[in-house]
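Beneath this line is the structure, given in structure tokens, with notes to follow.
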Amino acid sequence: MNESIEISVGIDDTDSPKGMCTTYVMYRFVNRAMAEGFEIIGMPRLVRLNPACPFKTRGNAALGVDIRLDQNKISVLKNMLLDTIFELSEIKEKNTNPAFVIFERKNINDKLVNFSRNAVKRVVELNEALSLIKSYATFSFGFNGPRGLIGALAAAAYDFPSGYTYELIAYRVKEMRGKKRLVDPKSVFEADAATRGCTFDNVDTENGEIKITPHTPCPVLLGIRGLDVNCIKKAFDLLKIEEPVEGYMVYKTNQATDDHIINLERINDIEPLTSVSIKGNVVSLPRQIKGGHVFVEITDGFDKIRIAAYEPTRSFRKVLMSLRPGDTIQVWGSYKPRENEPPTINLEKIRIINLAQYGKLMNPVCPVCGTRMKSEGKDKGYQCPKCKYKLKNAEKVFEPEKRDIQPGFYDVPPKARRHLSKPSFLVVLKDEGKS
């Protein structure tokens with residue numbers, strides 16, 4: 001009797017801006033593995049890596065899956081991976097580096113897990129990935145260079161430290177790729193209304209847009225995100241889809257978990273090409289520039305940094321425009337330094353902790369008729385221009401500005417939200433043990 005083993009497979013970087021999707025490569029591989037009689041353990045993993053990484057393609061997703069099979073079938077599985085990647089990935093594209101790794105699950109140790117977590121938060125070193133693969137992997141292969149092995153390793157070893165959500169991704173038949181996606185928008189809003197609370201970010205009600213269909217010529221027809229698998233499937237069944245569907249797969253994912261965020265106390269500790277959360281006090285009035293982008297400066301008491309809400313965040317910019325010096329806030333966003341620009345956090349969401357009393361000194365109001373008085377000159381008091389009443393020893397009075405914002409969380413709209421960014425209303429699922 002052959003001994004069975006459990007393995008973890010990671011795949012990454014099979015797509016390009018011109019097409020394909022690594023989730024589809026995983027979908028096809030998993031179906032082939034099941035047809036071969038291999039047992040899929042749990043759900044395939046969709047792991048979004050560092051969104052500030054300069055090497056990413058679109059959503060920067062890597063895919064992992066755990067499989068149980070007879071030990072003497074490892075070579076069959078390896079060849080299946082090679083065939084699937086050769087058949088489907090954008091190998092001819094210069095910046096596409098398809099890769100896969102295979103680990104025995106018993107060899108997934110703290111070093112591998114820590115690397116995978118780091119790949120979601122920072123720009124990790126290729127040499128570190130290659131060293132870990134050499135030490136612990138059963139097989140690995142990189143096409144067009146080894147860079148794709150970083151994501152493949154991360155997806156194979158990922159353990160969802162901040163919780164997880166689910167996504168159902170449905171795929172198009174080959175003949176429909178590159179054409180308009182035929183999903184009735186009205187049915188998407190109806191499905192969202194019927195499942196809201198256990199699904200999320202599938203529509204953008206503020207902008208009247210559906211968010212489940214991508215705009216690229218890839219094999220993905222749609223993706224539905226949520227906290228409950230049955231609920232996601234219910235939403236899918238409620239959709240009116242007017243084109244053939246090749247099939248779908250549900251992925252366990254770190255989307256909407258804030259797993260990319262590094263919590264900091266000091267602005268000076270921010271690393272380039274990372275996403276952070278930090279508290280601070282507002283030290284400047286908001287400034288809106290041509291194009292609609294809004295900027296404000298904050299301080300942690302020692303250093304300052306600019307925070308930004310860009311035009312695509314639409315109404316979220318009003319939150320920044322409502323801030324005043326002295327307000328205490330917490331911000332979440334990415335830090336990607338640009339030449340000739342001051343250091344800036346590109347906001348994903350904000351929490352207003354405390355509103356300062358803000359206003360300005362004004363001439364006093366006439367106690368007789370309520371008209372704003374005019375100065376008679378330095379140290380000469382004030383006179384009402386209407387009823388001529390005089391106040392000889394009066395001074396300017398502080399009048400607080402009426403604030404049109406309240407303490408609390410404020411998010412960018414779904415159309416501008418990063419895959420990893422957790423909406424402030426969402427409480428994600430947690431594993432009792434390691435996934």
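Got a number for residues in the stretch 99-116 being within 19 Å of LEU149 (Cβ to Cβ), open to solvent by 50 Å² or more (accessible area, probe 1.4 Å) and among the charged types (D, E, K, R)? Quick ask: steps written out before the conclusion?
Filtering the stretch 99-116 for residues within 19 Å of LEU149 (Cβ to Cβ) gives 99-105, 107-109, 111-116.
Restricting the remaining residues to those that are open to solvent by 50 Å² or more (accessible area, probe 1.4 Å) gives 105, 107, 111, 114.
In the following step, the residues that additionally are among the charged types (D, E, K, R) were identified as 105, 111.
The number of residues fulfilling the criteria is 2.
Restrict the check to the stretch 34-44 and report whether at least one residue is within 28 Å of SER334 (Cα to Cα) and in contact with a strand residue (DSSP E or B) (Cβ under 7 Å, 6 or more places away or on another chain). First the steps, then the outcome.
We begin by selecting, within the stretch 34-44, every residue within 28 Å of SER334 (Cα to Cα); these are 44.
Restricting the remaining residues to those that are in contact with a strand residue (DSSP E or B) (Cβ under 7 Å, 6 or more places away or on another chain) gives 44.
Scanning the stretch 34-44, I find at least one residue that is within 28 Å of SER334 (Cα to Cα) and in contact with a strand residue (DSSP E or B) (Cβ under 7 Å, 6 or more places away or on another chain), so the answer is yes.
Take the residues in the stretch 47-73 that are among the hydrophobic types (A, V, I, L, M, F, W, C) and under 17 Å from ILE85 (Cα atoms), then tell me which one is nearest to the chain's Cα centre (by Cα).
Taking the stretch 47-73 as the starting set, the residues that turn out to be among the hydrophobic types (A, V, I, L, M, F, W, C) are 47, 49, 52-53, 55, 61-63, 65, 67, 69.
Filter again for under 17 Å from ILE85 (Cα atoms), leaving 61-63, 65.
Values: ALA61: 11, ALA62: 14, LEU63: 17, VAL65: 22 Å.
Only one residue tops the list, namely ALA61.
When you scan the stretch 82-163 for helices (runs of 4 or more DSSP H) that lie fully inside it, which ones turn up with 3 or more residues that are in contact (Cβ under 8 Å) with a residue 12 or more places away in the chain, touching a Lys or Arg at 6+ places or on another chain (Cβ under 9 Å) and not charged (D, E, K, R)? Please lay out each step first, then the result.
Working: elements: 110-121, 126-136, 148-157.
Counting at least 3 such residues, we get 126-136, 148-157.
Scan the stretch 320-328 and tell me whether some residue there is farther than 30 Å from ASP204 by Cβ and open to solvent by less than 80 Å² (accessible area, probe 1.4 Å).
The answer is yes; a qualifying residue exists.
Can you pull out every residue in the stretch 26-37 that is out of contact with any helix residue (DSSP H, G or I) (no Cβ under 6 Å at 6 or more places or on another chain) and surrounded by fewer than 21 Cβ atoms within 10 Å (Cβ to Cβ)? Break it down stepwise before answering.
At the first step, the residues of the stretch 26-37 found to be out of contact with any helix residue (DSSP H, G or I) (no Cβ under 6 Å at 6 or more places or on another chain) are 26-27, 30-31, 33-37.
Result: VAL30, ASN31, MET34, ALA35, GLU36, GLY37.
Please go through the stretch 293-350 and give me each residue that is touching a strand residue (DSSP E or B) at 6+ places or on another chain (Cβ under 6 Å) and among the basic types (Lys, Arg), ordered by number.
Selection gives LYS304, ARG306, ARG317, LYS349.
In the list THR96, THR23, which residue meets the criterion of being among the hydroxyl-bearing types (Ser, Thr, Tyr), surrounded by fewer than 23 Cβ atoms within 10 Å (Cβ to Cβ) and either touching a strand residue (DSSP E or B) at 6+ places or on another chain (Cβ under 6 Å) or under 30 Å from PRO272 (Cβ atoms) (or both)? Before the answer, list the steps.
Numbers: THR23 fails: surrounded by fewer than 23 Cβ atoms within 10 Å (Cβ to Cβ).
Unique residue meeting the criteria: THR96.
The values are calculated or read from the model by the stated rules, or taken from the named source; none is laboratory data. This structure is a prediction, so every number in the text was calculated from the model and none was measured. Every residue, glycine as well, gets a Cβ built from its backbone with ideal geometry; the counts of neighbours run over all protein chains shown. Only protein heavy atoms, including side chains, enter the accessible area calculation; ligands, DNA and RNA are left aside. Shrake-Rupley method; radii C 1.70, N 1.55, O 1.52, S 1.80 Å.
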